[in-house]
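Comments concern the structure below.
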Amino acid sequence: KKNVEAVVIPIPYYDKNPDGSCREIHYEGDEYPKNIPIVPYEKFDFSVHPDEIYIHNPYDDCNYVTTVPEFFFSNNLKNFTDNLIYVPYFVLGEPDVDNPQQLEGMKHFALIPGVVNADHVIVQSENMKKAYVRILTKQFGQDSEGYWEAKISGEGSAKIEKAKNLKKENQDIPKEWLDIIYRPDGTAKKIVFYNNSVTSLLDFRDKMLTKLENSLKIFYENRDAVALLWRPHPLMEATLVSMEPELWEKYEAIVENYKKAGWGIYDDTADMDRALALADAYYGDPSSLVQLCETREIPVMIQNVDVLAD
């Protein structure tokens with residue numbers, strides 16, 4: 001748009017201790033692409049009253065694993081602009097809006113401070129908008145339906161559009177990754193994107209650890225044909241250290257053994273798009289990545305904790 005000054009302001013976040021207190025602070029402003037100029041959060045004067053503020057962290061004080069400084073809670077930021085806009089950082093599988101069980105499972109995405117406090121919410125599709133409106137109307141009463149209809153739009157997700165346009169040849173691939181992806185004769189292996197979620201580990205605990213070790217064993221045995229790119233959920237460590245420190249110790253041991261062995265890729269960088277661009281197939285837990293892989297027409301296989309291969 002003409003006459004628009006866009007300002008990108010990365011903000012810090014904290015890991016939380018089991019008692020709810022803040023632990024380690026993280027700031028990732030220096031990890032942004034070089035072509036995106038950023039403004040340090042301490043230096044921007046919010047009293048200039050920006051016309052619009054876009055946020056993608058909707059939780060305010062409702063997240064038990066991480067949090068942002070209180071100044072950046074949605075209930076505070078709305079005081080500094082006439083148009084607070086919330087755009088989810090995730091994408092979801094498209095719901096059946098006539099299935100009450102599916103809508104019940106989506107409540108923790110819709111009934112959160114960022115959705116309630118924002119002036120405008122942009123979700124990934126018109127179908128997703130219907131789901132949000134139904135959940136919010138049920139929570140706040142039938143008289144509120146028109147309000148949610150006007151506030152929420154299904155314009156689409158920039159994340160999905162970006163996923164469609166990713167190109168493998170445009171990625172900056174570390175040499176140690178290339179040594180795993182390419183055979184000695186120069187031919188490339190198929191790359192499997194392996195993703196495991198926090199939820200599955202918390203739900204199945206030692207059973208999921210066994211499944212994880214079994215999956216790694218199978219990929220190791222087939223390492224001459226397939227390059228494994230293991231990229232766990234980015235909040236795995238923060239969540240387990242905060243909620244299940246003993247489970248974290250067991251999980252961390254598996255990760256360290258895998259990294260030390262060096263036959264596969266372990267990706268804990270901030271760049272999810274690179275992994276998505278390189279992947280020839282997806283294996284792992286249900287996640288927003290599944291939706292992005294389907295957008296790219298990448299084959300998807302969901303792991304079953306009850307199935308162990310010989």
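The values are calculated or read from the model by the stated rules, or taken from the named source; none is laboratory data. Source: prediction; values computed, not measured. Neighbour counts are summed over all protein chains in view; Cβ atoms, including those assigned to glycine, are modelled from backbone coordinates with ideal geometry. When the accessible area is computed, the model is the full protein with side chains, heavy atoms only, and any ligands, DNA or RNA have been set aside. Shrake-Rupley method; radii C 1.70, N 1.55, O 1.52, S 1.80 Å.
In the stretch 81-130, what count of residues is obtained for those that are within 19 Å of the chain's Cα centre (by Cα) and in a loop (DSSP other than H, G, I, E, B)?
15
Could you tell me whether any residue of the stretch 111-124 is without any contact (Cβ under 8 Å) to a residue 40 or more places away in the chain and among the small types (G, A, S)?
Looking through the stretch 111-124, none of the residues is without any contact (Cβ under 8 Å) to a residue 40 or more places away in the chain and among the small types (G, A, S).
Which of the helices (runs of 4 or more DSSP H) contained wholly in the stretch 202-310 include at least 2 residues that are open to solvent by 50 Å² or more (accessible area, probe 1.4 Å)? Lay out the reasoning, then the answer.
Working: elements: 206-221, 236-243, 245-261, 272-278, 288-295.
Passing ranges, in order: 206-221, 236-243, 245-261.
Identify, please: which residue in the stretch 139-157 is without any contact (Cβ under 8 Å) to a residue 12 or more places away in the chain and in a helix (DSSP H, G or I) and is, among those, nearest to P88 (Cα to Cα)?
The qualifying residue nearest to P88 (Cα to Cα) is A150.
Give the residues of the stretch 125-148 that are of a type in the set (D, E) and either out of contact with any helix residue (DSSP H, G or I) (no Cβ under 6 Å at 6 or more places or on another chain) or surrounded by fewer than 13 Cβ atoms within 10 Å (Cβ to Cβ) (or both), sorted by residue number. First the steps, then the outcome.
Let us first name the residues in the stretch 125-148 that are of a type in the set (D, E), namely 126, 143, 145.
Matches in the stretch 125-148: E126, D143.
Of the residues in the stretch 81-110, how many are aliphatic (A, V, I, L, M), open to solvent by 20 Å² or more (accessible area, probe 1.4 Å) and touching a residue at least 60 places away in the same chain (Cβ under 8 Å)?
Residues in the stretch 81-110 being aliphatic (A, V, I, L, M), open to solvent by 20 Å² or more (accessible area, probe 1.4 Å) and touching a residue at least 60 places away in the same chain (Cβ under 8 Å): 2 in total.
Looking only at the stretch 90-123, count every residue that is in contact with a Lys or Arg (Cβ under 8 Å, 6 or more places away or on another chain), modelled with pLDDT under 95 and of a type in the set (S, T, N, Q) and tell me the total.
0
Tell me, which strands (runs of 3 or more DSSP E) wholly within the stretch 5-80 include 3 or more residues that are open to solvent by less than 80 Å² (accessible area, probe 1.4 Å)? Give the steps one after another, and end with the answer.
On the way: elements: 13-16, 22-26, 53-55.
Passing ranges, in order: 13-16.
Whether any residue in the stretch 12-35 is farther than 22 Å from D268 by Cα and among the aliphatic types (A, V, I, L, M) is what I want to check.
The answer is no; no qualifying residue exists.
Just to check your reading of the model, which residue among I160, I173, I191, I180 is open to solvent by less than 50 Å² (accessible area, probe 1.4 Å), in a loop (DSSP other than H, G, I, E, B) and β-branched (V, I, T)? Steps first, answer last, please.
Working: I160 fails: in a loop (DSSP other than H, G, I, E, B); I191 fails: in a loop (DSSP other than H, G, I, E, B); I180 fails: in a loop (DSSP other than H, G, I, E, B).
Residue meeting the stated conditions: I173.
For a quick check of your reading of the model, give me the residue pairs whose first member lies in the stretch 167-188 and is within 14 Å of D271 (Cα to Cα), whose second is part of a loop (DSSP other than H, G, I, E, B) and at pLDDT below 95, with beta-carbon atoms closer than 9 Å and at least 6 apart or on different chains.
Listed pairs, sorted by first residue: Q171/D271; D172/D271.
Please name all residue pairs, on different chains or six or more residues apart, with Cβ atoms under 6 Å, provided the first residue is in the stretch 203-220 and is among the charged types (D, E, K, R) and the second residue is not in a helix (DSSP H, G or I).
Filtered contacts from the stretch 203-220: K207/V305; K211/V305.
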